[in-house]
Protein chains: 4
Amino acid sequence: MDGGDDAHQDKWARAKITEGEWAGWSYLHGDDPFEDHAGPFYFRDDANGRVCAFRAEPRHMNGGNFMHGGCLMTFADFSLFVCAREALREHHAVTATFNSEFIGAVQPGSLVEARAEIVKAGRSMIFMRGMITSGDAPVMTFSAVLKKTGPRN
Amino acid sequence: MDGGDDAHQDKWARAKITEGEWAGWSYLHGDDPFEDHAGPFYFRDDANGRVCAFRAEPRHMNGGNFMHGGCLMTFADFSLFVCAREALREHHAVTATFNSEFIGAVQPGSLVEARAEIVKAGRSMIFMRGMITSGDAPVMTFSAVLKKTGPRN
Amino acid sequence: MDGGDDAHQDKWARAKITEGEWAGWSYLHGDDPFEDHAGPFYFRDDANGRVCAFRAEPRHMNGGNFMHGGCLMTFADFSLFVCAREALREHHAVTATFNSEFIGAVQPGSLVEARAEIVKAGRSMIFMRGMITSGDAPVMTFSAVLKKTGPRN
Amino acid sequence: MDGGDDAHQDKWARAKITEGEWAGWSYLHGDDPFEDHAGPFYFRDDANGRVCAFRAEPRHMNGGNFMHGGCLMTFADFSLFVCAREALREHHAVTATFNSEFIGAVQPGSLVEARAEIVKAGRSMIFMRGMITSGDAPVMTFSAVLKKTGPRN
């Protein structure tokens with residue numbers, strides 16, 4: 001969710017990881033306590049647009065040892081704001097509605113990815129939808145409306 | 001989400017907390033790594049049915065210092081399975097669809113509560129809806145379909 | 001959906017039916033072509049609030065001879081605006097999001113009722129949810145966000 | 001919605017229109033009373049898959065003289081079953097959940113199109129999502145779960 005940092009732009013530039021499994025990805029450390037805690041979640045731009053990702057760890061699982069729906073929804077919410085970044089240069093925003101369908105299970109160790117697209121960026125509302133996948137399998141579809149709140153300072 | 005424990009019943013009986021802020025509430029420790037991590041979340045029965053609750057801590061917040069939507073959705077998903085417990089004595093289940101509307105913000109320190117009701121428990125699907133509140137203010141409405149999977153052993 | 005009539009109030013007063021099956025109910029004839037065509041749908045206030053109703057006819061059915069989901073969703077959308085009327089005295093509004101779960105089938109000849117409640121009427125958005133029932137059986141749950149547009153003249 | 005006709009296949013073959021505005025499109029006349037009444041709605045296959053369409057008439061409008069949300073949702077529900085046809089050769093199905101976001105208004109006279117894709121066809125549930133457009137503008141996004149019911153005879 002939305003940070004409200006006046007150095008938002010600089011943060012993104014400094015966020016790129018240079019080594020390890022996530023070299024070439026970015027991570028907005030310290031911006032969002034719940035996402036730091038649930039994730040961390042990463043993002044980068046590729047030929048198909050912006051993609052978000054993380055690797056499923058035992059702490060992301062539910063009692064059945066597959067990924068908790070709350071973890072997937074948190075990751076999807078993260079992806080909304082990462083993918084809407086350019087449309088939110090001047091405004092803060094909050095998630096107003098969020099819908100999801102749980103299609104496939106995620107096992108520990110899997111790489112999980114999300115892509116979200118803006119269907120329409122209106123004056124006060126941004127309509128988005130997206131999908132979480134793992135490998136080539138769909139995991140969750142989602143749609144959401146972001147509501148613009150105050151201007152960024 | 002759903003535990004799959006053959007001693008499910010006993011766990012609930014042993015789960016009651018006897019002292020501190022949550023005396024009289026129950027907590028299913030160790031059942032679900034992501035919920036342990038995101039919560040812990042508590043539940044008890046009162047005159048109006050079953051209620052789930054937790055207290056908002058800084059780690060539940062987003063970058064704007066109000067509660068992350070992913071935290072609220074994780075808590076709502078928890079409440080679905082806690083409130084559907086009696087309908088799931090013989091089957092495991094997963095969340096198939098989850099919809100939510102974000103209505104009010106939650107500040108650190110607030111008590112957050114959720115109630116979920118079964119609208120219909122069908123042969124294979126359980127239709128539910130609920131609301132998260134804080135004080136008397138609505139925070140999030142949600143609806144969901146749980147899909148029964150295999151039988152409990 | 002929203003009429004945009006400057007004599008909105010008067011219309012409601014004149015809309016009451018005085019004889020036949022729907023005596024005591026109101027019907028906003030001519031306000032909305034698609035609702036006239038799909039319905040007509042009726043409403044009245046009772047001890048539990050405002051209720052909307054209509055009787056299932058063969059033309060409301062799908063190919064399986066139970067009520068078409070589109071008919072139920074049209075009726076639910078009608079109920080949103082009827083039940084939000086007092087919150088929309090000064091503004092027009094449109095449905096921004098609509099979610100539904102189809103829980104039970106409706107046979108021809110059945111009386112179908114809907115009740116919708118405002119969870120929160122905000123400055124620009126109205127959060128609502130409701131249920132369609134027939135007899136005592138749940139037929140459809142729904143939630144929606146209405147977005148205020150321009151002022152009524 | 002789902003017909004339950006043992007000559008289902010033949011009907012589709014016979015449904016092609018040979019003259020007028022809709023030459024080359026198909027129309028399942030008489031299969032579904034509410035869709036006949038709300039539509040008629042047409043479909044055909046093109047290079048991008050299956051597309052559904054109809055032209056906005058005054059009777060599809062709401063009181064504000066733009067297309068009624070119930071009409072759009074009825075059309076979307078139609079598109080789900082038309083686009084899932086190959087996955088439903090052996091089973092009947094019903095809409096279990098339907099979510100929608102209303103993104104743009106449709107004026108009388110406009111051509112309205114819908115495309116729906118199967119994200120996953122499971123053993124008992126079919127997960128779908130789609131979009132209604134008019135010209136190049138998005139009108140409504142939607143997602144749905146169809147639940148298989150009995151076998152076709």
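The values are calculated or read from the model by the stated rules, or taken from the named source; none is laboratory data. Note that the structure is predicted; figures quoted are calculated from it, not measured. All Cβ positions, glycine included, derive from the backbone under ideal geometry; neighbour counts span all protein chains shown. SASA here: full protein model, heavy atoms, side chains in, ligands and nucleic acids out. Shrake-Rupley method; radii C 1.70, N 1.55, O 1.52, S 1.80 Å.
Every residue in segment B:63-80 that is on the phi < 0 side of the Ramachandran plot and modelled with pLDDT under 95, please. Don't jump to the end; show me each part of the working.
Let us first name the residues in segment B:63-80 that are on the phi < 0 side of the Ramachandran plot, namely B:63-64, B:66-80.
Those that are on the phi < 0 side of the Ramachandran plot and modelled with pLDDT under 95: B:Gly63, B:Gly64.
Between a first residue in segment D:119-141 that is more than 27 Å from B:Val145 (Cα to Cα) and a second residue that is of a type in the set (Asp, Glu) and open to solvent by 40 Å² or more (accessible area, probe 1.4 Å), which pairs have beta carbons less than 6 Å apart while being 6 or more apart in sequence or on different chains?
Pairs found: D:Thr133/D:Glu113.
How many residues are outside any helix (DSSP H, G or I), open to solvent by 10 Å² or more (accessible area, probe 1.4 Å) and either free of Cβ contacts under 8 Å to residues at least 60 places away in the same chain or within 10 Å of another protein chain (Cβ to nearest Cβ) (or both) if we restrict to segment B:79-100?
From segment B:79-100, those outside any helix (DSSP H, G or I) are B:84, B:89-100; that's our starting set.
Pick out the ones that are also open to solvent by 10 Å² or more (accessible area, probe 1.4 Å) and you get B:89-92, B:94.
Add one more test, that the residue is either free of Cβ contacts under 8 Å to residues at least 60 places away in the same chain or within 10 Å of another protein chain (Cβ to nearest Cβ) (or both), and what stays is B:92, B:94.
Total meeting the criteria: 2.
Looking only at segment D:21-37, which residues are more than 14 Å from chain C (Cβ to nearest Cβ) and either outside any loop (DSSP other than H, G, I, E, B) or open to solvent by less than 60 Å² (accessible area, probe 1.4 Å) (or both)? Walk me through how you get there before you give the answer.
Here is the first cut: in segment D:21-37, the ones more than 14 Å from chain C (Cβ to nearest Cβ) are D:21-26.
Residues satisfying the conditions are D:Trp22, D:Ala23, D:Gly24, D:Trp25, D:Ser26.
Restricting to segment D:55-78, name every residue that is open to solvent by 10 Å² or more (accessible area, probe 1.4 Å) and either in a helix (DSSP H, G or I) or more than 13 Å from every other protein chain (Cβ to nearest Cβ) (or both). Steps first, answer last, please.
As a first pass, look at segment D:55-78 and keep what is open to solvent by 10 Å² or more (accessible area, probe 1.4 Å): D:55, D:57-59, D:63-66, D:78.
D:Arg55, D:Pro58, D:Arg59, D:Phe78, listed by residue number.
Mind checking which residues of segment A:101-118 are surrounded by 20 or more Cβ atoms within 10 Å (Cβ to Cβ) and either without any contact (Cβ under 8 Å) to a residue 40 or more places away in the chain or on the phi > 0 side of the Ramachandran plot (or both)?
A:Phe102, A:Ile103
Please go through segment A:121-137 and give me each residue that is open to solvent by less than 30 Å² (accessible area, probe 1.4 Å) and either among the hydrophobic types (A, V, I, L, M, F, W, C) or part of a strand (DSSP E or B) (or both), ordered by number.
A:Met125, A:Ile126, A:Phe127, A:Met128, A:Gly130, A:Ile132, A:Ser134
Quick check, is C:Ala96 touching a strand residue (DSSP E or B) at 6+ places or on another chain (Cβ under 9 Å) and at pLDDT 95 or above?
Numbers: touching a strand residue (DSSP E or B) at 6+ places or on another chain (Cβ under 9 Å): yes; at pLDDT 95 or above: yes.
Criteria met by C:Ala96.
When you look at D:Cys52, is it away from chain C (no Cβ under 12 Å), open to solvent by 10 Å² or more (accessible area, probe 1.4 Å) and under 24 Å from C:Met140 (Cβ atoms), yes or no?
Numbers: away from chain C (no Cβ under 12 Å): yes; open to solvent by 10 Å² or more (accessible area, probe 1.4 Å): no; under 24 Å from C:Met140 (Cβ atoms): yes.
Spelling it out, it is not the case that D:Cys52 is away from chain C (no Cβ under 12 Å), open to solvent by 10 Å² or more (accessible area, probe 1.4 Å) and under 24 Å from C:Met140 (Cβ atoms).
Are any residues in segment A:105-153 more than 13 Å from A:Leu80 (Cβ to Cβ), more than 12 Å from every other protein chain (Cβ to nearest Cβ) and modelled with pLDDT of 95 or more, and if so, which ones?
A:Gln107, A:Gly109, A:Ser110, A:Leu111, A:Val112, A:Glu113, A:Ser134, A:Gly135
What are the pairs with Cβ atoms under 8 angstrom where one residue, in segment B:37-48, is under 15 Å from B:Leu72 (Cα atoms) and free of Cβ contacts under 8 Å to residues at least 12 places away in the same chain and the other, located anywhere, is among the aromatic types (Phe, Trp, Tyr) and open to solvent by 90 Å² or more (accessible area, probe 1.4 Å)? Sequence gap at least six, or different chains.
none
Does B:Pro40 satisfy being open to solvent by 10 Å² or more (accessible area, probe 1.4 Å) and under 15 Å from the mean Cα position of the chain (by Cα)?
On the way: open to solvent by 10 Å² or more (accessible area, probe 1.4 Å): yes; under 15 Å from the mean Cα position of the chain (by Cα): yes.
Yes, satisfied.
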